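Structure first, then comments.
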Amino acid sequence: MKTTSEKAVEYGMFTAWAIAVTATLGSLYFSEIRLFIPCELCWTQRIFMYPLAITLAIATVRKDARQAVYTLPLSVIGALISLYHYLIQKVPALAETSDVCGVVPCNYQYINFAGFVTIPFLAFTAFSMISIIMIYVIVKTKE
């Protein structure tokens, strides 16, 4: 019979996987259905999110909480890139430097719900939630 701590670790891994899959499908929705062209920083964020969906799926199915150690760096780096991208969109001084980002400028906001929810904000939220869950899983497995 599993302990409460083991169940919490399993639920944490599943939740992190669900977040990664939702973020992956969301990015594909924006680019393939809504036809938003991703900027260079969006592509970089995808490079860090897509493997999380696969790695966390395998870890969840195999009940391998040790994968948290390997997924945490991806989610932290992705969160930092997303935060930087968000700041480019929202801080005027940084926005001026992003005109050379690519075909689509990195300061361009395809969506802007409630004045602050943009695509990089959504990515930052997903990466941050995955990072927090991975830290939780690492701490719980060491107990």
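None of the figures in this text is laboratory data; all of them are computed from the coordinates on show. None of these values were measured; they are calculated from a predicted model. Cβ coordinates were reconstructed from backbone atoms using ideal geometry, including for glycine residues, and neighbour counts include every protein chain displayed.
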Residue among 8, 20 that alone is of a type outside the set (S, T, N, Q) and either outside any helix (DSSP H, G or I) or surrounded by 15 or more Cβ atoms within 10 Å (Cβ to Cβ) (or both): 20
Residues of the stretch 1-60 being out of contact with any helix residue (DSSP H, G or I) (no Cβ under 9 Å at 6 or more places or on another chain), charged (D, E, K, R) and under 23 Å from residue 108 (Cβ atoms), in sequence order, are 32, 34, 40
Specify the residue that is nearest to the chain's Cα centre (by Cα); the eligible residues are those in the stretch 64-73 that are over 25 Å from residue 84 (Cβ atoms) and part of a helix (DSSP H, G or I). 67
Tell me yes or no: at least one residue of the stretch 81-92 is assigned to a helix (DSSP H, G or I), under 13 Å from the mean Cα position of the chain (by Cα) and within 18 Å of residue 14 (Cα to Cα). no
Keeping to the stretch 23-63, report how many residues are out of contact with any Gly (no Cβ under 8 Å at 6 or more places or on another chain), touching a residue at least 40 places away in the same chain (Cβ under 8 Å) and either outside any helix (DSSP H, G or I) or aliphatic (A, V, I, L, M) (or both). 10
Given (1) farther than 27 Å from residue 13 by Cβ; (2) within 19 Å of the chain's Cα centre (by Cα); (3) surrounded by fewer than 16 Cβ atoms within 10 Å (Cβ to Cβ), identify the lone condition not met by residue 106. (3)
Given the condition under 29 Å from residue 140 (Cβ atoms), surrounded by fewer than 19 Cβ atoms within 10 Å (Cβ to Cβ) and acidic (Asp, Glu), answer yes or no: does some residue in the stretch 50-73 qualify? yes
Restricting attention to the stretch 128-137, does a residue exist that is in a loop (DSSP other than H, G, I, E, B) and not basic (Lys, Arg)? no
Residue 79 passes all but one of the listed conditions (1) small (Gly, Ala, Ser); (2) out of contact with any helix residue (DSSP H, G or I) (no Cβ under 9 Å at 6 or more places or on another chain); (3) within 26 Å of residue 16 (Cβ to Cβ); the exception is number (2)
